[in-house]
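Student: Supplied in structure tokens, the structure appears directly below.
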């Protein structure tokens, strides 16, 4: 389960240690030494996870976390706070600000890797390798196979990613722009109408097993994956 990680940490030694261990675990890591550079990076790229140090030069990690949680664009990104503060009130403050997890220094890199896997499972289940099944439709990320009521279904790579995202976020309405960010990636520049094309392809792929109706159009809003055929 590789992830693109933004590490916001100003201490060079900690930067190097964490990056080495995270890359060793298979992740891609971008390092930023302060909040301002992190915000510049986030304007162009959305990571899968943000590791955020509490004490940063200029804007603090707490203030950056609060700012990100107040912006709809960044709300889905899991944030893990890293800090030397050990008091319970500090932990509560970090979590209340919007952090998904809180790790007190010093901590083992192995534990950090486990925490990253846990927050991805909670906040971004499409990043995990766990099979998902809804109403007889089963998707296995590891084998890249989709079955409908036991029947093998053929999906293109984009339709597969789209279905995986939908199945891990059922009954929620997503606009075309949101689907582009979540499925295509923030650094891919395609028109919003491209989503419509792949939705049609996805429905066609699901027709043989009778699951095409699970992908529903919500007029004026976008698309929803329902647990029941509409």
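Student: In the set 42, 51, which member is touching a helix residue (DSSP H, G or I) at 6+ places or on another chain (Cβ under 9 Å) and touching a residue at least 60 places away in the same chain (Cβ under 8 Å)?
Tutor: On the way: 42 fails: touching a residue at least 60 places away in the same chain (Cβ under 8 Å).
Being touching a helix residue (DSSP H, G or I) at 6+ places or on another chain (Cβ under 9 Å) and touching a residue at least 60 places away in the same chain (Cβ under 8 Å) holds for just one of 42, 51, which is 51.
Student: I'm trying to understand the selection: among the residues of segment 169-181, which are surrounded by 19 or more Cβ atoms within 10 Å (Cβ to Cβ) and either under 21 Å from residue 138 (Cβ atoms) or without any contact (Cβ under 8 Å) to a residue 40 or more places away in the chain (or both)?
Tutor: 180
Student: Can you tell me which residues in segment 9-40 are part of a helix (DSSP H, G or I), under 18 Å from the mean Cα position of the chain (by Cα) and closer than 18 Å to residue 54 by Cα?
Tutor: 38, 39
Student: Limited to segment 115-137, what total is found for residues that are touching a strand residue (DSSP E or B) at 6+ places or on another chain (Cβ under 6 Å) and either more than 19 Å from residue 21 (Cα to Cα) or modelled with pLDDT of 90 or more (or both)? Even if it seems obvious, please write down each step before you answer.
Tutor: Start the filter on segment 115-137 by keeping residues that are touching a strand residue (DSSP E or B) at 6+ places or on another chain (Cβ under 6 Å), which leaves 115-116, 119, 131-132, 137.
Narrowing further to those that are either more than 19 Å from residue 21 (Cα to Cα) or modelled with pLDDT of 90 or more (or both): 131-132, 137.
So the answer is 3.
Residue-wise test of (1) part of a helix (DSSP H, G or I); (2) at pLDDT below 90; (3) over 25 Å from residue 73 (Cβ atoms).
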residue: 94; (1), (2), (3): yes, yes, no
residue: 139; (1), (2), (3): no, no, yes
residue: 147; (1), (2), (3): no, no, yes
residue: 164; (1), (2), (3): yes, no, no
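Yes or no, residue by residue, for (1) within 27 Å of residue 141 (Cβ to Cβ); (2) buried (at least 21 other Cβ atoms within 10 Å of the Cβ):
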position: 5; (1), (2): yes, yes
position: 10; (1), (2): no, no
position: 13; (1), (2): no, no
position: 29; (1), (2): yes, no
position: 32; (1), (2): no, yes
position: 36; (1), (2): no, no
position: 39; (1), (2): no, no
position: 46; (1), (2): yes, no
position: 50; (1), (2): yes, yes
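Student: Quick one: would you say residue 111 is over 29 Å from residue 204 (Cα atoms) and free of Cβ contacts under 8 Å to residues at least 40 places away in the same chain?
Tutor: On the way: over 29 Å from residue 204 (Cα atoms): yes; free of Cβ contacts under 8 Å to residues at least 40 places away in the same chain: yes.
Yes, satisfied.
The values are calculated or read from the model by the stated rules, or taken from the named source; none is laboratory data. These numbers come from a predicted model, not from an experiment. Here Cβ is always computed from backbone atoms with ideal geometry, including for glycine, and neighbour counts include all displayed protein chains.
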